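The structure appears right after this line, and notes come after that.
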Amino acid sequence: MNRLFKRILPERNYVKIPEDIRMNIIESSCKQVSRGVFFSTIIIITSFLPVFLLTGQEGKLFGPLAYTKTFIIAVDAILIITLAPVLISFFMKGRFTPENHNPVNRGLSKIYEPVIRWCTKWRKTTLAINLIALLVSIPLIMSLGKEFMPPLDEGSILFMPVTMPDISNSEVKRILQVQDKIIASVPEVKNVLGKAGRANTATDNAPMSMIETIILLKPKSEWRPGKTKEDIVNELNSKLQIPGVTNGWTQPIINRINMLSTGIRTDVGVKVYGQNLDTIYAFAQKIKMELMGINGVKDLYVEPVTGGKYIDIQIKRDEISRYGLSVDDVNAVVQSALGGMKLTTTIEGRQRFSVNARYAQDFRDNMEALKSLQVQTKNFGPVPLQAVADIKITTGPPMINSENALLRGTVLFNVRDRDLGGTVQEAQNRLNNMLTKLPKGYYIEWSGQYENLLSSEKTMKVILPVVLVIIFFSMYFAFNSAREALLSLISIPFALIGGVFMIWFWKVNLSVAVAVGFIALFGLAVETGIVMIIYLNDAMQQLVKEKGNSRETITKADLRDYVIAGAAKRLRPKMMTVLVILIGLIPILWSSGVGSDVMKPIVLPMIGGVFTSAVFVLLVSPVIFLMNKEYELRKYGKIQVLETNH
C-alpha cells in the first residue's frame, strides 16, 4: 500500500485506486499473514495441552479455561481467514493516507528507530543484557516457594478442634458452647455454628471428639482498620487455647475437597502404615516431635489410634458352669441390656426399620448398675452379672483406619505463613534419619495438598518437553526453515524473564495457577515472534527484488537497513497487541473479590512476560535475524528468502 501511495500520490492529490488493484492488495495482504495466523493458533492450542491433561481438582478448575480459550482462538482464526478479508473489502474504501502520516506511527517510529539502530550497532551488548537478565531470573525463580494451589479466600472460616477420644457428650457440648461464645465475641464475626460428632449419613464418620464450627465473617468494610483474615485467625486461635483441645483452622470448601481427594482434613498429612496400632502410634508421636518447631507447621496433631474407652466383659467359664449357664446365655443378657435386641421390623412405605429393645438408661449408665444386671439361672434364680463375668473399662482404638490392606495412623498439620513445598521439604529432611529405624513392614507416605503438588509437577515435567517439540515443528511448517523456527522459539525463555520478575516482586509462590499463566504466555510470545519474522522476511524479499540475491550486490549496510525497515513495519499493530493484553490484564492486579486469589497468580506471569517478550521481539529478534542473514550471505554467497505470501 505504501509503494502504491508513492507511485500515485506524489503531491497528495488523491486518485481513486482501481478496484482490481485494491482487491489484489487485500488478497496479497491476507495471504501474507494466513499461514502465520494458522500456525499461531495451533501453537496457542498446543501450549494448553498440559492444562488439558491435568487431573483432579486442578483439572476441574482450569479445564474450562483451557477449553474456552481454545474454542475462542479456533473460531477467531477461522474468522480472520474467511470473514475478515470480506469485511476489509467492504469497508476499506475512500481516502487512504500513508502509514507514516499517522501521528501515532510517527511518534512510535521516532522512538523505535533510534533504539533498534543502536541495538543493531551494539549487538553483543544487546545480547549480553538479555542473557544477564535471563541468568538473573534463574536464582529468582529457584528462590520462590511452591504450593499446589494459591489459597482461595472463601469468605468464611472452618474451626476444627479435636478433643480426647473418651470425651463425654455433656463435656463436648460444654466445650462447644464455650468456643462459640468466645468466637462470637470477635467484632469481625457475623455468625457461628458448631457441631460435634457425625451427621445422620453413612459418609460422615466423624467421632464425638471432632468439632466443626463454621464462622461467617462480616463484610471487610466493617472490619477493624488494618485487620486481615490471617490476623482474625491468629486472634481466635490465641483466645481458644483450651486444655485437652487441639485447634485446627481451615475453610469449608477446601476442607471437603481435601477429605474427598486424599482422606486428609488438613493441608498435609504423614500416613504411617504398619501391622500393629501401638507401634504405629508410637512412631506417629516420634514424627510429631520431629515436626514441632518447623516454621510454617501449624495445628500439629496425631490422629489417635488408642485412647478410646470400652466396657470389657469377660465371662468366667468356671462360674457359669457352676450355675448351669452357657456363654450364649450371658451374651444374650449383655446384648439385650446394652446393645439392644432386635424384636421385629417395621415398614413405612419403601423404608424398613428394625425395632430394638434394651434396658432403660438408669439400669446401664454406670459400672455398678452394669455389675448388678440380673442373669436368670434354672436352679439358682437370678444372679448378678458380676458373679459370672469380670466387668471393667479398658482402652482401645477409638477408630481403626486401614488403607492398602494395612493399618494406618496419621500425623496431621496445616501450613501457614510459609510455602507448602518448603515446609514439607524441611520436614522430610528432619524425618530422613528416623526413617532408617522403621521396622520391617512399616513405612510412611506424604498426603494432602503435597500429594496433589507432586502429581501436578509430574504431569508438567512429562508434557512440557512434548509441547515445546510440537511448537517447534509447528513453526517449522510455518516457515519451512528450522533456523527460523528456532529463532522464534528463543523468545520463550526471554518471555519468562518478565513473568519471573513479576511473581517474585508480588511474592507469589509457584503453583499450578502460575504454571497455567506461563503456559498461556508461551503462545502469546511465540505468536508475536511469528508476526515479526513474517515482516522481516517480507523485507528480505523486497531487498532481493531490488538488488538481487548475491554477496556482490547486497552489502551489510543494505541488510541492516532493510531489517530495520522490516522491524519498524506495522509497529502500531504490534504495540497495540501488547497494550490490549496489558490493559485487559492489569486491572486484575487490583481486584479483591472472591476468586482474585487464584486469578492474580495466573495473570502476573502473563503481564510481565508480555512486556519482556515484546521488548525481545522488537529489539533482540531483529538483531539475531540480521546476524543470521549476514552469516548466510558470508557462507553461501546469498541469503535464504522465505516465501511470505501463501
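The values are calculated or read from the model by the stated rules, or taken from the named source; none is laboratory data. All of these numbers come straight from a predicted model, not from anything done at the bench. Reconstructed Cβ throughout: ideal geometry from the backbone, glycine too, with neighbour counts over all protein chains shown. Surface areas here come from the heavy atoms of the whole protein model, side chains and all, with no ligands, DNA or RNA. Shrake-Rupley method; radii C 1.70, N 1.55, O 1.52, S 1.80 Å.
One residue alone among Lys638, Lys569, Lys600 is in contact with a Phe, Trp or Tyr (Cβ under 9 Å, 6 or more places away or on another chain) and modelled with pLDDT of 80 or more, and that residue is Lys600.
Against the conditions (1) surrounded by fewer than 22 Cβ atoms within 10 Å (Cβ to Cβ); (2) farther than 23 Å from Leu633 by Cβ, Phe522 satisfies every one except (1). Taken residue by residue, the stretch 372-395 has no member that is open to solvent by 20 Å² or more (accessible area, probe 1.4 Å), within 22 Å of the chain's Cα centre (by Cα) and closer than 25 Å to Ser209 by Cβ.
Select from the stretch 268-290 the residues that are within 15 Å of Asn401 (Cβ to Cβ) and among the hydrophobic types (A, V, I, L, M, F, W, C) and write down the one among them that is surrounded by the fewest Cβ atoms within 10 Å (Cβ to Cβ).
Leu277
Across the stretch 201-235, the qualifying residues are those that are touching a residue at least 60 places away in the same chain (Cβ under 8 Å), open to solvent by less than 80 Å² (accessible area, probe 1.4 Å) and assigned to a helix (DSSP H, G or I), and the one among them that is farthest from Thr306 (Cα to Cα) is Lys229. The residues of the stretch 473-519 that are over 30 Å from Arg418 (Cβ atoms) and open to solvent by less than 30 Å² (accessible area, probe 1.4 Å), listed by number, are Ser474, Met475, Ala478, Phe479, Ser481, Glu484, Ala485, Leu487, Ser488, Ser491, Ile492, Phe494.
Scanning the stretch 305-319 for residues that are open to solvent by 30 Å² or more (accessible area, probe 1.4 Å) and of a type outside the set (Asp, Glu) turns up Thr306, Lys309, Tyr310, Ile311, Ile313, Gln314, Ile315, Lys316, Arg317.
Every residue, every condition in (1) crowded, with 16+ Cβ neighbours inside 10 Å; (2) under 28 Å from Tyr476 (Cα atoms), yes or no:
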site: Val526; (1), (2): yes, yes
site: Gly529; (1), (2): yes, yes
site: Gln541; (1), (2): yes, yes
site: Tyr562; (1), (2): yes, yes
site: Pro573; (1), (2): no, yes
site: Ile586; (1), (2): no, no
site: Pro601; (1), (2): yes, no
site: Leu604; (1), (2): yes, no
site: Val610; (1), (2): yes, yes
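Between Tyr112, Tyr67, the distinction of being crowded, with 16+ Cβ neighbours inside 10 Å and in contact with a helix residue (DSSP H, G or I) (Cβ under 9 Å, 6 or more places away or on another chain) belongs to Tyr112 only. In the stretch 306-333, the residues that are under 30 Å from Leu277 (Cβ atoms) form Cβ pairs under 7 Å with partners that are surrounded by fewer than 16 Cβ atoms within 10 Å (Cβ to Cβ) and of a type in the set (Lys, Arg), at six or more places apart or across chains, as follows: Asp312/Lys392. Evaluate the stretch 236-258: report whether one residue or more is surrounded by fewer than 20 Cβ atoms within 10 Å (Cβ to Cβ), part of a helix (DSSP H, G or I), out of contact with any strand residue (DSSP E or B) (no Cβ under 9 Å at 6 or more places or on another chain) and modelled with pLDDT of 90 or more. Yes, because at least one residue in the stretch 236-258 is surrounded by fewer than 20 Cβ atoms within 10 Å (Cβ to Cβ), part of a helix (DSSP H, G or I), out of contact with any strand residue (DSSP E or B) (no Cβ under 9 Å at 6 or more places or on another chain) and modelled with pLDDT of 90 or more.
Per-residue answers, yes or no, for (1) touching a Cys at 6+ places or on another chain (Cβ under 7 Å); (2) among the hydroxyl-bearing types (Ser, Thr, Tyr); (3) over 30 Å from Asn237 (Cβ atoms):
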| position | (1), (2), (3) |
| --- | --- |
| Asn429 | no, no, no |
| Asn432 | no, no, yes |
| Thr436 | no, yes, yes |
| Lys440 | no, no, yes |
| Gly448 | no, no, no |
| Asn452 | no, no, no |
| Pro465 | no, no, yes |
| Leu468 | no, no, yes |
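Identify, please: which residue in the stretch 320-348 is within 14 Å of Pro384 (Cα to Cα) and surrounded by 15 or more Cβ atoms within 10 Å (Cβ to Cβ) and is, among those, modelled with the lowest pLDDT? Filtering first and then ranking leaves Ala337. Condition check for Ala369 on (1) more than 32 Å from the chain's Cα centre (by Cα); (2) under 28 Å from Ser168 (Cβ atoms); (3) open to solvent by 50 Å² or more (accessible area, probe 1.4 Å): one failure, at (3). Mind listing whichever residues of the stretch 389-429 are among the acidic types (Asp, Glu) and more than 18 Å from Ile264 (Cα to Cα)? Those that are among the acidic types (Asp, Glu) and more than 18 Å from Ile264 (Cα to Cα): Asp390, Asp417, Asp419, Glu426.
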